[in-house]
1. If you check every pair at least six apart or on different chains, which have Cβ atoms under 7 Å apart with a residue in the range 96-109 that is at pLDDT 85 or above first and a residue that is surrounded by 10 or more Cβ atoms within 10 Å (Cβ to Cβ) and of a type in the set (A, V, I, L, M, F, W, C) second?
2. Can you pull out every residue in the range 19-33 that is part of a helix (DSSP H, G or I) and under 15 Å from the mean Cα position of the chain (by Cα)?
3. Of all residues in the range 52-66 being without any contact (Cβ under 8 Å) to a residue 12 or more places away in the chain and under 15 Å from the mean Cα position of the chain (by Cα), which is nearest to LEU23 (Cα to Cα)?
4. May I ask you to say which residue of LEU83, LEU58 is under 24 Å from VAL14 (Cα atoms), surrounded by 12 or more Cβ atoms within 10 Å (Cβ to Cβ) and touching a Lys or Arg at 6+ places or on another chain (Cβ under 7 Å)?
5. Among the candidates THR9, THR69, which residue alone is β-branched (Val, Ile, Thr) and surrounded by 13 or more Cβ atoms within 10 Å (Cβ to Cβ)?
6. Please verify whether THR69 is outside any helix (DSSP H, G or I), under 21 Å from VAL17 (Cα atoms) and touching a Ser or Thr at 6+ places or on another chain (Cβ under 9 Å), treating the condition exactly as stated.
7. In the range 43-51, is there at least one residue being part of a helix (DSSP H, G or I) and without any contact (Cβ under 8 Å) to a residue 24 or more places away in the chain?
8. Condition (residue is assigned to a helix (DSSP H, G or I), of a type outside the set (Ser, Thr, Tyr) and touching a Pro at 6+ places or on another chain (Cβ under 9 Å)) applied to the range 75-85: is it met by at least one residue?
Amino acid sequence: MNEILELLTYALAVSIVINFTHLAFQDGHLLSWLHALLEKIFRNKLKKNIWRNDKGLLHIAKPVYACATCMPSLWSMPLLLILVWWKVFFVSIFASVISTLLTDKLFDK
């Protein structure tokens with residue numbers, strides 16, 4: 001039981017960091033300049049191929065900054081320094097669910 005609570009605590013912490021970062025990337029917030037830079041790197045509306053979605057965004061950009069649901073898959077990786085890989089796998093799944101709930105219920109209108 002303690003191990004599940006530990007994993008949920010890590011997942012909650014990762015989710016809070018991800019939602020703060022995702023919110024900070026929005027227009028008029030602290031990291032909006034970084035969002036604009038990443039958009040120049042990852043988005044090209046003129047190119048259509050299998051590596052981009054219908055809005056021209058590279059699929060690899062979603063776990064980096066563009067999708068709060070996808071971000072735990074990448075942002076949980078530093079936990080490999082202190083946890084075993086299967087625990088990080090569960091943390092990323094829990095964090096994905098928590099991040100989605102936080103984003104949908106608190107930040108999206």
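The values are calculated or read from the model by the stated rules, or taken from the named source; none is laboratory data. If you're wondering where the values come from, they're calculated on a predicted model, not measured in any experiment. Positions of Cβ are generated from backbone atoms using ideal geometry, with glycine treated the same way; all protein chains shown enter the neighbour counts.
1. Once the first residue is at pLDDT 85 or above and sits in the range 96-109, its partners that are surrounded by 10 or more Cβ atoms within 10 Å (Cβ to Cβ) and of a type in the set (A, V, I, L, M, F, W, C) give ILE98/ALA11; ILE98/LEU12; SER99/ILE18; SER99/ALA68; SER99/MET71; THR100/ALA68.
2. The initial filter retains those residues of the range 19-33 that are part of a helix (DSSP H, G or I), namely 19-24, 32-33.
Result: ASN19, PHE20, THR21, HIS22, LEU23, ALA24.
3. Initial filter on the range 52-66 (without any contact (Cβ under 8 Å) to a residue 12 or more places away in the chain): 52-54, 59, 62.
Of the ones still in play, those that are also under 15 Å from the mean Cα position of the chain (by Cα) are 59, 62.
Numbers: HIS59: 20, LYS62: 14 Å.
Ranking the qualifying residues of the range 52-66, first place goes to LYS62.
4. Details: LEU83 fails: touching a Lys or Arg at 6+ places or on another chain (Cβ under 7 Å).
On inspection, the qualifying residue turns out to be LEU58.
5. Numbers: THR9 fails: surrounded by 13 or more Cβ atoms within 10 Å (Cβ to Cβ).
THR69 is the lone residue from the list that is β-branched (Val, Ile, Thr) and surrounded by 13 or more Cβ atoms within 10 Å (Cβ to Cβ).
6. Working: outside any helix (DSSP H, G or I): yes; under 21 Å from VAL17 (Cα atoms): yes; touching a Ser or Thr at 6+ places or on another chain (Cβ under 9 Å): yes.
Judged against the criteria, THR69 is a match.
7. Just the residues of the range 43-51 that are part of a helix (DSSP H, G or I), to begin with: none.
No.
8. Start the filter on the range 75-85 by keeping residues that are assigned to a helix (DSSP H, G or I), which leaves 75, 77-81, 85.
From what's left, of a type outside the set (Ser, Thr, Tyr): 75, 77-81, 85.
Add one more test, that the residue is touching a Pro at 6+ places or on another chain (Cβ under 9 Å), and what stays is 75.
Looking for residues that are assigned to a helix (DSSP H, G or I), of a type outside the set (Ser, Thr, Tyr) and touching a Pro at 6+ places or on another chain (Cβ under 9 Å), one finds at least one in the range 75-85, hence yes.
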